[in-house]
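**Q** I have a structure I would like to understand better, so I am pasting it below and will then ask my questions one at a time.
The values are calculated or read from the model by the stated rules, or taken from the named source; none is laboratory data. Treat the numbers as computed from the prediction; the structure is a model and nothing was measured. Cβ: placed from backbone, ideal geometry, glycine included. Neighbour counts: every protein chain shown. For the accessible areas, the whole protein counts, side chains as well, though only heavy atoms, and no ligand, DNA or RNA atoms are used. Shrake-Rupley method; radii C 1.70, N 1.55, O 1.52, S 1.80 Å.
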Amino acid sequence: MAIDTSTAPATPVAAQAPQDGRLSGRAKLVLFVLCAAQFMVALDFSVLNVALPVLGDDLGLSRSALQWAVTAFALPSGGFLLLFGRIADLYGRKKLFLTGLALFGAASLLATLAWDPASFLTGRALQGLGAAVIVPTGMSLLTTTFPEGPQRDRALGISGTLLSLGFTVGMVLGGVMTDTLGWRSTMGLLAVASVIVLALAPGLLPESRTPDRPRLDVPGAVTVTGGLLALIYSLSTAAQRGFGGADVWGTLVAGLALLAAFVVVESRAQAPLVSLPMLKRRTVAWGNLGGLVTFSMMSTVVFVLTLYLQDVLGLSSFRTGLVFGVQGVLSAVAGGYAAKVIGRFGARRTLVASLLGQGLFIALLLALGRESGALLATVAVSLASMCHLGAIISYGVTVTSGVPDEEQGLATGLVTTTQQVGITIGIPLLGVLATTGGDLFHGVRTVLVIDAVIVVAAAGLVAVGLGRRKA
C-alpha cells in the first residue's frame, strides 16, 4: 500500500540518486536536516550531566533533587515515543516533526532563562516531550524518504553515527561550556540549533502519512504511555536512590501491569497502536532485543568507567572527557564504514558480529588495575563502542527492512523506544552494583563481568532467532 505523498514531489528525493548508495545533493540536505535533529536530541541527553552541581547551586536545587533534571527529560521522551510515532503515521510525519522542533526550541529557551527550579524542570519536561515527537517522526521520515537498500543503509549509518556521537560530544562539550560560559549556555545551544533546523526543514522534507486514517487506539495509547512513564520513573529513581523506596517498587509494578494490559488491549483492538503481528516478525523481535542489549550494556560501561577513571585512578574531569572523546572519534570512523559492511555481509550478520565484538572488548576491560589502566580503558572502550555503533545501525536496518511505508512510524517508534528504554534501564539494573558495595574497584569489575556475559549471550540468541527459518 503506497503512502500519501500529495504534498511531496512525485519522486522521492533519494530516488533521484544512483542506486549504489550515493546520494543526490538534495538528498544530502534532507539527510542533514534529519540527522541534525537526531544529533541535537542525543546531545541533550548528556550535555547537562557535568553541569548539574553548578546548576543546582545557581537555581537552589538540592543535591537530592538533581536527579529530576535528568528524569524530567527522560519521562516524556521515552513514554510518548510510540504514541507520537503512530500519530505521525496517521496525520502527517513532516507536520508533527516541525511541531516537535518548535516545542523543543521553545522549551530549551525556557530552560536557558529559568529563574527557579520549577521553571527549569518545566523546560526540561517540555524538551523531553519535543524529543518524543522529533525522534520517531525523524526516523520514519528517513526510512520513507530513502528507499530500502544501499541508500537507506547509508542514511541509517550516518544517523546512527551522529546519534552515538551526540552522547559522547555532549559529555565533553558540556564540561567545556559550563566552565567557560556557564551551565545556561548548554541549553542555549540547543535552542539555537533547533531554530536553524526548523528554518531549513519545511522546504526540504516531503510530507507522508498513511492513506487511510483509522481511529487512534486510545486505550492502547493510555496503557503503553502510562506503563512506559511508570517504568522509566522507577528505574531512573532507582539509579539515584536504589530499589529500597516504596515509590520505586510501586511504580515498577504499576508500569509492568500497564504494559501487560497494553498487550491484552492490542490483541482486541480493531486499529491497534502496535500491530502484534509486527512484533511476531523475527526481524522486529530479535532486532529490538539486540538494540535493547547494546544500548543498556554500553551505557552501563560508560557509567562505571567514569567512576573508575575519576574515583579509582584519580583522573580529572577533563582527562576523563578525553577518554570518551577518543571513543567518540573512533565511533564516528566506524559509522562511516558500517553501511558498506552491512551491504556486503547483511544487517543480521553485522548485528550478531557487532554484539559479539562489543561483549569481548568489554571483557578486555577486566584487565584494568587499581593503579593504572587509563590507556587500556581508552583502547578497549573505543573498540567496544565501534562494535556498539555497528550494532545500533544494523539493528535499525534489521527492524525497518521489509516493513510497509504506512507502518514505518510504528517500526521506527519501536526502534527509538528500545533505545530510550535501553539507555534508562542499564545503569539502575547493573550500575548500582558498582556503587552499593564497599570496594568500588571490585564493584566495577563485577559489573563488567555481568555486562560482557549478557552481551555475548544476546549475540548468540539473536543469531539463533534471526537464523530460524519460518515454518
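**Q** Would you check which residues across the range 302-321 are open to solvent by 60 Å² or more (accessible area, probe 1.4 Å) and in contact (Cβ under 8 Å) with a residue 60 or more places away in the chain and list them?
**A** F303, D311, S317, F318
**Q** Then there is this: Please state which of the following conditions D116 fails to meet, knowing it meets all the rest: (1) within 25 Å of V33 (Cβ to Cβ); (2) surrounded by fewer than 24 Cβ atoms within 10 Å (Cβ to Cβ); (3) not hydroxyl-bearing (S, T, Y).
**A** (1)
**Q** Identify, from the list I393, I362, I427, the residue that is under 20 Å from the mean Cα position of the chain (by Cα) and either at pLDDT 80 or above or farther than 29 Å from I232 by Cβ (or both). Break it down stepwise before answering.
**A** Working: I362 fails: under 20 Å from the mean Cα position of the chain (by Cα); I427 fails: either at pLDDT 80 or above or farther than 29 Å from I232 by Cβ (or both).
Within the list I393, I362, I427, the selection yields I393.
**Q** Take the residues of the range 368-382 that are small (G, A, S) and open to solvent by less than 70 Å² (accessible area, probe 1.4 Å): which is farthest from A434 (Cα to Cα)? It would help to see each step written out before you state the result.
**A** Quick first cut of the range 368-382, residues small (G, A, S) only: 369, 372-374, 377, 380, 382.
Of the ones still in play, those that are also open to solvent by less than 70 Å² (accessible area, probe 1.4 Å) are 369, 373-374, 377, 380, 382.
Numbers: G369: 15, G373: 17, A374: 18, A377: 17, A380: 19, S382: 21 Å.
Within the range 368-382, the match that is farthest from A434 (Cα to Cα) is S382.
**Q** Out of (1) open to solvent by 20 Å² or more (accessible area, probe 1.4 Å); (2) modelled with pLDDT under 80, what's the single condition that is false for R282?
**A** Unmet for R282, out of (1) open to solvent by 20 Å² or more (accessible area, probe 1.4 Å); (2) modelled with pLDDT under 80: (2).
**Q** Please find, among V47, V30, the residue that is open to solvent by less than 10 Å² (accessible area, probe 1.4 Å), modelled with pLDDT of 80 or more and of a type outside the set (S, T, N, Q). Working first, answer last.
**A** On the way: V47 fails: modelled with pLDDT of 80 or more.
So the residue among V47, V30 that is open to solvent by less than 10 Å² (accessible area, probe 1.4 Å), modelled with pLDDT of 80 or more and of a type outside the set (S, T, N, Q) is V30.
**Q** I would also like to ask the following. Can you pull out the residues in the range 177-199 that are of a type outside the set (S, T, N, Q) and crowded, with 17+ Cβ neighbours inside 10 Å?
**A** Applying the first criterion (of a type outside the set (S, T, N, Q)) to the range 177-199 yields 177, 179, 181-184, 187-193, 195-199.
Within the range 177-199, M177, W183, R184, M187, G188, L189, L190, A191, A193, V197, L198 meet the criteria.
**Q** Would you confirm whether or not the range 335-350 contains a residue that is surrounded by fewer than 21 Cβ atoms within 10 Å (Cβ to Cβ), more than 19 Å from A457 (Cα to Cα) and modelled with pLDDT under 75? Explain how you work it out, then say what you get.
**A** Here is the first cut: in the range 335-350, the residues surrounded by fewer than 21 Cβ atoms within 10 Å (Cβ to Cβ) are 336-337, 340-341, 343-346, 349.
Of the ones still in play, those that are also more than 19 Å from A457 (Cα to Cα) are 336-337, 340-341, 343-346.
Next cut, modelled with pLDDT under 75 only: 336.
So far as the range 335-350 goes, yes, one or more of its residues are surrounded by fewer than 21 Cβ atoms within 10 Å (Cβ to Cβ), more than 19 Å from A457 (Cα to Cα) and modelled with pLDDT under 75.
**Q** Return the pair list, or none, for Cβ contacts closer than 6 Å from residues in the range 250-265 that are open to solvent by less than 40 Å² (accessible area, probe 1.4 Å) to residues that are not in a helix (DSSP H, G or I), at least 6 apart or on different chains.
**A** none
**Q** When you scan the range 81-98, how many residues do you find that are within 15 Å of A230 (Cβ to Cβ) and at pLDDT 80 or above?
**A** 0
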